[in-house]
Each structure stands twice: as structure tokens, then as C-alpha cells.
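A short worksheet on the structure shown next.
No lab work stands behind these numbers, since they all come straight from the coordinates. Fair warning: this is a prediction, and the values are worked out from it, not measured in the lab. No Cβ is skipped: glycine too gets one built from the backbone with ideal geometry, and neighbour counts run over all protein chains shown.
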Amino acid sequence: MVDVNRWVSPVVGDFTTIPANKGTDAQITGWGYTNKIFQYKAYLTKPAGNNVAVVNRWEMPFCKDFILIAEHEITDQQMTSWGYKNKEFVFYAYKTKPASGAFVAVSRWINALPAGSSCKDFTLSVAEHEITDAQLNAWGYTSKMVQFYVPDPRQASSSGTTITLTDVDEGLCPKDLKRGDREFDGHGPRVKCEVSLSIGDGGRALYADIYFWAQETVHDWSTTERRWSKKVYDAPYGKTITAINSDKASRTQFVSPASGFQVIFPGADVATAVNGFLDGAGGAISSAVLASFGIPPGDFQAVARLITGAINNGNTVVRVPAIEGTLVKFFHIVGDTGGPDISDDDNCNDDTRIVKLEFNPVNVTLR
């Protein structure tokens, strides 16, 4: 889930809702917004059922600010005809109040700017528990309309604790030869990497369980794989971890460029290039992963910007996001190298390897 906060806008001096996946506090205050107030949590992963609302952010035509509009409220055609632009997916909510569970309505209001202002628009999006209707009316807001429903933050008796994991920042190279010789020879390899998070040491630690597989894309199909387990978090003294509340796993896949080659996507058919690089999975990146980067579904230009290739001692280190699961933010992996690719010694120099795993924050329950 994502924290949704309202801020005072530097442009219009009015409230603007900004989900946390649209900028860090440092960025947002750097843009001039002030007076952050938590509103509610919303879903980054699509809930089950047919009662789900896709909520997007639109840029306001005159105010140089933003509003939230669910897709079932107003059509895209109507929004663009009014001059709104730059639609971006932000989160999921419910169209109507679910029959079970505690939920609150989020409504939009016409703002309270002076008559004749070019910025008079529906700009305030507020949950029912935040400010009373009477107070909003007294401030000059009008035309309340329910937009969607989110879990009632007052009922979250066990919201958990958000923690930072230690990135795995060491060379992890497989040595087991499963097939072929030890050379990819510029033919890929096709790479798959999966990471899952588990509770260990009697609840006192978290471990990243890592699986890596690489295979040449032509005969003789040189193949290697290996598993590792790395401690990535120690619980505070006197505490134990009883549950992992956020995503527990991530996976990625791609076809490695030849050693020493830059990762560059064309300006024209970026969708095809990204899909090919990600081994056919470019269009299957989960909505939760895209949302964690603030990217709407289908924006291949934005996905392409997440994928980079840095040359390190002649090796191309590919930085690639997850395909599924928001545990890992970026995988840094070397596929093809300048010499024999599958390691046969006790170091990872100039070998096919994991260079680094960057994690997103994780929410856990501590007792």
C-alpha cells in the first residue's frame, strides 16, 4: 500500500493530495509544498473483485497543480476536453463501500478560491474522517462528490513498522556448470533472478533467499544456477519479527547484452525494444512494480529509463527493475563477460554474477 498525504500547494495556496509514490518528502518540500498531513493508505496492488477503482492523477489546466480522479468518475475524453493533461496512475481504491471491513469515503470538492480566479476547480480530495462537511462549507468549499473508498486508517490497529533492509552489495557468482561449456560467447545469456524474504533466527532477523540462473541463447546452451541466503535485517534489541506485511518476493528476467555494450533503447519502437530486452515480459511488469516507480501501465518510455547498463572493467552491469513483486527495487547483474563467463574459482572477477540487490522499504510486525 502507499501513504497518501495532503500538502499546501505553493501555486494556489490550497490543499493538494500527493501519494508517497509521487515523490519523497525532500522532493515535495523542494518543490515548495508545505504542511504535510497524512490522509489514508491506498492500494498499489489491485484488490480482487469487480468493485475496484483505478485512481489517476491529472495536471490541472490553469493552476499548474494536480487532482485525483477515479476512472469511473469522469471519462478520459471529458477530462482532456476540459484541458486536463498528463494522466498518471497513482493507486487503486473501491468504487463503492465494501460490504465488510472498515472503509471511508474520499470526496472531491470545488475549491474556495475567490470568484473569478483562473484556478477555481475541483482540487480538494479529502477523506470523510479528516475534516467535517460543515467546516469545509464554512471555508467556502462546495459541490462535494464521493470519488472512491479506502481502508479507514483509524481502524488499522496493526499497521506494522516500515524498515530498511541492508542491500546485498557483494559479488555472487554461480560456479556449477549444468550444461555446455563455461562460455556464453556473446549469446545472451538469458538471465532469471528471484529473491524472497524470510524470517529467521527465531524472529530476530530477515534473510534474502536468492536464486540466480543464466543460460546461453544458442547451442551448446551453457547453463549455470545457484542459491544463496543473506541476512539483510536484524530486529531491534528485545523485539521479534512476527510477520512480513509487504511483498515478500521479487523476480526479474532479461537477455544480457554482449560484454562491453551499452544498454540503449531506440527513440522509435521503445515498446518492442523493452519487451525484447526483458525476454518478452516488458508488457507483463506488474502494476504494483510500475506504481512503486510512479509509472502508469503501458509507459514503455518510463520503463526504458529504469534500465541502464554501466561498463565496469569491461563488463556490462545491467540495472533492471523487478518484473513482479516490490521487494527488490533494482537488480544489478553481469551476464556476458570478456572471458570465460561461468566462474571456476573462488572469486567473482570477470564472471557472470549478481553485483548488487537494492531493496525497497519493507513493512513488518514487531512484537
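Only Lys, Arg, Asp and Glu carry charge here, each on its Cβ (+1 for the first two, -1 for the last two); on that basis the chain has a dipole of about 1320 debye about its Cα centre.
Largest GNM mean-square fluctuation across 18, 295, 311, computed for the chain with C-alpha springs under 10 Å, falls on 311. How would the range 182-297 be classified by its alpha-carbon gyration tensor: rounded, prolate or oblate, with rounded meaning a/c under 1.5 and the a/b versus b/c comparison settling the rest? Note, shape of the range 182-297 comes out oblate. Comparing the chain with the 2.2 N^0.38 Å rule of thumb, its C-alpha radius of gyration ratio is 1.15 (two decimals).
Taking 17 Å as the straight-line reach from the Cα of residue 178, the lysines in range (excluding those fewer than 8 positions away in the same chain) are 192. Rounded to the nearest 20 debye, the dipole magnitude of the range 229-327 is 400 debye, with +1 charges on Lys and Arg beta carbons, -1 on Asp and Glu beta carbons, and the Cα centre as origin. The calculated Kirkwood hydrodynamic radius for the range 2-155 is 15.9 Å, given to one decimal from all distinct C-alpha pairs. Taking a straight Cα-Cα cut-off under 27 Å and skipping sequence neighbours fewer than 8 places away in the same chain, the lysines within cross-link reach of residue 87 are 22, 36, 41, 46, 64, 95, 97, 120, 144, 329.
Rounded to the nearest 500, the helix-only mean residue ellipticity at 222 nm of the chain stands at -2500 deg cm²/dmol, with each DSSP H run of n ≥ 4 adding -39,500 (n - 2.57). Hey, any idea what Rg/Rh is for the range 161-366, computing Rh the Kirkwood way over Cα pairs? My calculation of the ratio gives 0.99.
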